[in-house]
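The values are calculated or read from the model by the stated rules, or taken from the named source; none is laboratory data. The model shown is predicted, which means the values in this text are computed figures rather than measured ones. FYI the Cβ positions are ideal-geometry reconstructions off the backbone, even for glycines, and counts take in every protein chain you see. For the accessible areas, the whole protein counts, side chains as well, though only heavy atoms, and no ligand, DNA or RNA atoms are used. Shrake-Rupley method; radii C 1.70, N 1.55, O 1.52, S 1.80 Å.
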Amino acid sequence: MRIQHSSCSLEDFAIETLSRLYVPMIRKELWTDEPETFERRQTIYALLYHTLKTVTLLFNPITPYLSEALYQKVYRQLESDLPESVNFAPWPTPNKNMRNKSLEEDFDSLLKVVSISFAARGQGKLKRRWPLAKTIVVAPEKTLQALKSLEPLLLEQTNIKAVEYAVSVPDYVGGENWVSSQQEEVTVFLCGQRDDKLLGEGIMRDLARRVQALRKELGFVPTETLESVHIAELDAEA
């Protein structure tokens, strides 16, 4: 049972935390060649490399053939002094000095609110790619303080322009322009009303997604610049 629990925790980290949360947070920073952000990009690359290598070693008892293939084709190609097999590599050990429990708690609050926001979008049939003007987060003061410290990430992850914090529901909230979702002591309200500027930005995000999907299908890398793109047969919704 302990092995099963460990494998489930590891799978949850690799899929939910690393792939679906962290990578989307830093994706835009990796798709740029700006010299001003070079050091930050290198730090992100180093962190990803260390994390993925550690995950490969931890998965080895469960997926030995896949772990060995990754070890040989990726890590040994970049680090020639590594042991000849993943089975000879030292087992990863935790570094407690790298933990920041306060920051982890703040991010737990952030991710919880992001999840509730997505649930509210689902109820209101508001696409995640389409930006919204405002959200109101009603929660205990400790949660609100955590969100304020991470506000740029909160706005980016929820695709919302502005956020208001409150410990109780404001009187003016309600009506057909508002949707909400609640989990435990946290409630998120979204204003679904959009002006022409927000609608235009939503259309551009939809088009960008389709262009990126086509780029990937044709084998272009994210940083490769193309001369032009032709878009035809736009329907009323797109």
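Quick notes on this structure:
- Column: log10 I(q)/I(0), Debye, Cα scatterers of the range 68-174, q = 0.16 Å⁻¹: -0.77
- Remark: the range 16-146 carries 66 Å² of accessible area per residue (probe radius 1.4 Å; ligands, DNA and RNA excluded).
- Derived scalar couplings ³J(HN,Hα) [the range 67-76; Karplus, 6.51 cos²θ - 1.76 cosθ + 1.60; whole Hz; x for Gly, Pro]: 4, 5, 5, 5, 4, 6, 7, 10, 6, 6
- Given +1 at the Cβ of Lys and Arg, -1 at the Cβ of Asp and Glu and no other charges, the dipole of the range 115-158 around its Cα centre is 280 debye to the nearest 20.
- Exceeding the 28 Å Cα-Cα cut-off - candidates Lys53/Lys101; Lys28/Lys53; Lys28/Lys148; Lys53/Lys96; Lys73/Lys101: Lys73/Lys101
- The range 135-199: radius of gyration over Cα atoms, expressed as a fraction of 2.2 N^0.38 Å: 1.13
- For the range 1-141, a crude dipole built from +1 on the beta carbon of Lys and Arg and -1 on the beta carbon of Asp and Glu, taken about the Cα centre, is about 720 debye to the nearest 20.
- Highest GNM mean-square fluctuation among Arg99, Arg27, Arg215, for the chain modelled with Cα contacts below 10 Å: Arg99.
- Taking the charge dipole of the range 1-127 about its Cα centre, with +1 at Lys and Arg Cβ atoms and -1 at Asp and Glu Cβ atoms, the residue from Ile62, Leu47, Ser85 reaching farthest to the positive side is Ile62.
- Carbon + sulfur, % of accessible area of the range 39-150 - ligands and nucleic acids excluded, 1.4 Å: 57
- Cα Rg, Dmax, the chain, angstrom units: 21.7, 66
- Computed over the range 18-133, the P(r) tail beyond 21 angstrom holds 59 percent of alpha carbon pairs.
- Around the Cα centre of the chain, unit charges on the Cβ atoms of Lys, Arg, Asp and Glu (plus for the first two, minus for the last two) sum to a dipole of about 300 debye.
- Measuring how big the range 64-114 is from its alpha-carbon positions, Rg and Dmax come out at 17.1, 45 Å.
- For the range 34-93, diffusion coefficient by Stokes-Einstein and Kirkwood Rh (Cα), 4 °C, 1.567 mPa s, µm²/s: 104
- Where Val221, Val167 fall by accessible area, highest first, once all protein chains stay in place (1.4 Å): Val167, Val221
- Here the scattering of the range 18-67 is modelled by Debye summation over its C-alpha atoms, one equal scatterer each and no solvent; at q = 0.30 Å⁻¹ the log10 of I(q)/I(0) is -1.09.
- The 3J(HN,Hα) values that the Karplus relation (6.51, -1.76, 1.60; θ = phi - 60°) gives for the range 149-158 are, in residue order, 6, 10, 4, x, 5, 4, 5, 5, 5, 8 Hz. Gly and Pro appear as x.
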